[in-house]
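The values are calculated or read from the model by the stated rules, or taken from the named source; none is laboratory data. Given the structure is predicted, the values throughout are model-derived calculations rather than measurements. Here the Cβ positions follow ideal geometry from the backbone for every residue, glycine too, while neighbour counts run over all protein chains shown. We work out accessible area using only protein heavy atoms, side chains counted, and drop any ligands, DNA or RNA first. Shrake-Rupley method; radii C 1.70, N 1.55, O 1.52, S 1.80 Å.
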Amino acid sequence: MNTLAPYAAHPEHSLGRVVTEPPSATRNAFQRDRDRIIHSTAFRRLEYKTQVFVNHEGDLFRTRLTHSLEVAQMARGIARTLGLHEDLTEAIALAHDLGHTPFGHAGQDALNECMRDFGGFEHNLQSLRVVEQLELRYAEFDGLNLTFEVREGILKHCSIKNAKQLGDVGQRFLDKTSPSLEAQLTNYADEIAYNNHDIDDGLRSGLITIDQLSQVELFANNLAEVKAKYPKLEKRRLIHETVRRMINTLVVDLCTQSAHNIAQHQPRSIADIRRLPQLIEFSQKMAAQNLKLKQFLRKNLYQHYKVNRMSAKAVRIVRELFTAFYDNPSLMPNEFQVYATTDKARAVADYIAGMTDRYAIREHRKLFTVEEYL
Ligand code: MG
């Protein structure tokens, strides 16, 4: 860890935990939060949750777990460069996707649709719910009792209606203030990680090609650089050399522009950071290039007909599970049945959201196939 900037988050000045605890003898408060996240059951399930490609489609594709690790690694690097607290960014990064449903965005959209009359479903809000309520492992509290700073970082966006019900972490959406720089940069690390690993996975799957990607300036520029330096490189190395340069281009731009913004606003404390507009951002030029890349991926990968086919199956599975459990809560494990007596729809949503891809597929088969009944 290098020297902390005066406007970095500091574990000794944390806004604290909901339930007060004595400090750890060996770890600062943010390290302790990170460790609790890694020891949670929701974290282990990330291994079998879809990022873009469903888990069983191939062993080399990113899962939510490897995605979260990539985000943590990039976030730490950026934090270190800017003099911010690495442990806090790491904790936020490792927790940011804990609330994801099985089957990626298709699963979340389907569950949100099922929950339309019951307050909706949003994976970001669900990540917070996991760490605040759903992990039932500690004697003295529900959830992981994380510091305010980690919870603030997990809640990236939030509607005004939801913000009013969330207490301390919802307040900034009502006041229109900013979160810590650590939270801001982890959000960008998430985006840099998924755009680039989705290119890598997209090429590996054959759903997109290098030729197609050459329409994207950020890819084309870096590809040209690699080809000029190594004219005879085989495809696998060519892709990796290009993608690593893209990541580097984005990270360096983000650090440079953000350092410039910080220098201009001269924050002296984290309280100043919260009052100022968000200071972590790409330069205008890079923001435009990054947007083009996202648009490319949406059109050519996320809406590729083969991805759509898997998404359509995922939507059907989530919908049918929801209907089956909602109509008959006694089909759920005991703890969810008990919970369903107070809030049936939310109990069903929490149960489904916690499933891994393969667990959801198995549950669906058990419920709808006569041959498999246990
Ligand atoms: Mg993510």
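Just wondering, is there one or more residues in region 14-33 that are touching a His at 6+ places or on another chain (Cβ under 6 Å) and either over 21 Å from residue 274 (Cβ atoms) or among the aliphatic types (A, V, I, L, M) (or both)? Scanning region 14-33, I find no residue that is touching a His at 6+ places or on another chain (Cβ under 6 Å) and either over 21 Å from residue 274 (Cβ atoms) or among the aliphatic types (A, V, I, L, M) (or both), so the answer is no. Quick check on my filter: what residues within region 58-93 are at pLDDT below 95 and among the acidic types (Asp, Glu)? Scanning region 58-93 gives a single hit, 59. Of the residues making up region 21-54, those that are within 16 Å of the ligand (Cβ to nearest atom) and open to solvent by less than 40 Å² (accessible area, probe 1.4 Å) are 37, 42, 43, 46, 49, 50, 51, 52, 53. Taken over region 154-181, the criterion of being within 16 Å of the ligand (Cβ to nearest atom) and assigned to a helix (DSSP H, G or I) is satisfied by 154 alone.
Scanning for something aromatic (Phe, Trp, Tyr), free of Cβ contacts under 8 Å to residues at least 60 places away in the same chain, buried (at least 18 other Cβ atoms within 10 Å of the Cβ) and in a helix (DSSP H, G or I), does region 345-352 turn up at least one residue? Yes: region 345-352 contains one or more residues that are aromatic (Phe, Trp, Tyr), free of Cβ contacts under 8 Å to residues at least 60 places away in the same chain, buried (at least 18 other Cβ atoms within 10 Å of the Cβ) and in a helix (DSSP H, G or I).
Within region 159-185, count every residue that is basic (Lys, Arg), touching a helix residue (DSSP H, G or I) at 6+ places or on another chain (Cβ under 9 Å) and open to solvent by 40 Å² or more (accessible area, probe 1.4 Å). I'd like the intermediate steps shown before the answer.
The initial filter retains those residues of region 159-185 that are basic (Lys, Arg), namely 161, 164, 172, 176.
After this cut, where a residue has to be touching a helix residue (DSSP H, G or I) at 6+ places or on another chain (Cβ under 9 Å) as well, the list is 164, 172.
Within this subset, residues satisfying the condition of being open to solvent by 40 Å² or more (accessible area, probe 1.4 Å) are 164.
Total satisfying the criteria: 1.
Taking the listed residues 148, 141, 121, the one that is closer than 26 Å to residue 20 by Cα and touching a helix residue (DSSP H, G or I) at 6+ places or on another chain (Cβ under 9 Å) is 148, with no other qualifying. For residue 273, the requirement of being in contact with a Ser or Thr (Cβ under 8 Å, 6 or more places away or on another chain), outside any helix (DSSP H, G or I) and touching a residue at least 60 places away in the same chain (Cβ under 8 Å) is not met.
Say we look at region 208-240 and pick out the residues that are in contact with a Phe, Trp or Tyr (Cβ under 9 Å, 6 or more places away or on another chain) and outside any helix (DSSP H, G or I); which of these is farthest from residue 64 (Cα to Cα)?
The first filter runs over region 208-240 and keeps only residues in contact with a Phe, Trp or Tyr (Cβ under 9 Å, 6 or more places away or on another chain), leaving 208, 210, 212-213, 215-216, 219, 237-238.
Narrowing the set further to residues that are outside any helix (DSSP H, G or I) leaves 208, 215-216.
Values: 208: 21, 215: 28, 216: 26 Å.
Of everything passing the filter in region 208-240, 215 is farthest from residue 64 (Cα to Cα).
Look at region 71-88: where a residue is free of Cβ contacts under 8 Å to residues at least 40 places away in the same chain and a partner is in a helix (DSSP H, G or I) and away from the ligand (no atom under 16 Å from the Cβ), sitting 6+ places away or on another chain with Cβ atoms under 6 Å, you get 76/86. For residue 9, the requirement of being outside any helix (DSSP H, G or I), modelled with pLDDT of 95 or more and within 26 Å of residue 97 (Cβ to Cβ) is met. The single condition from (1) farther than 24 Å from residue 128 by Cα; (2) assigned to a helix (DSSP H, G or I); (3) among the acidic types (Asp, Glu) that residue 371 fails is (2). Of the listed requirements (1) touching a helix residue (DSSP H, G or I) at 6+ places or on another chain (Cβ under 7 Å); (2) charged (D, E, K, R); (3) surrounded by fewer than 18 Cβ atoms within 10 Å (Cβ to Cβ), residue 236 misses just one: (1). Within region 61-85, track down each residue that is polar (S, T, N, Q), over 15 Å from residue 45 (Cβ atoms) and either within 11 Å of the ligand (Cβ to nearest atom) or out of contact with any helix residue (DSSP H, G or I) (no Cβ under 6 Å at 6 or more places or on another chain) (or both). 73, the sole residue that qualifies.
Among the candidates 243, 315, single out the residue that is assigned to a helix (DSSP H, G or I) and either in the same structural domain as residue 102 (by TED's automatic domain parsing) or more than 25 Å from the chain's Cα centre (by Cα) (or both).
Numbers: 315 fails: either in the same structural domain as residue 102 (by TED's automatic domain parsing) or more than 25 Å from the chain's Cα centre (by Cα) (or both).
Sole residue among the options that is assigned to a helix (DSSP H, G or I) and either in the same structural domain as residue 102 (by TED's automatic domain parsing) or more than 25 Å from the chain's Cα centre (by Cα) (or both): 243.
In region 100-119, the residues that are among the basic types (Lys, Arg) and open to solvent by 80 Å² or more (accessible area, probe 1.4 Å) never reach a residue that is assigned to a loop (DSSP other than H, G, I, E, B) and more than 14 Å from the ligand (Cβ to nearest atom) with C-beta atoms less than 8 angstrom apart, at least six apart or across chains. Within region 186-219, restricting attention to residues that are among the polar types (S, T, N, Q) and within 16 Å of the ligand (Cβ to nearest atom), which residue is most open to solvent (accessible area, probe 1.4 Å)? Among those residues, the one meeting the criterion is 187.
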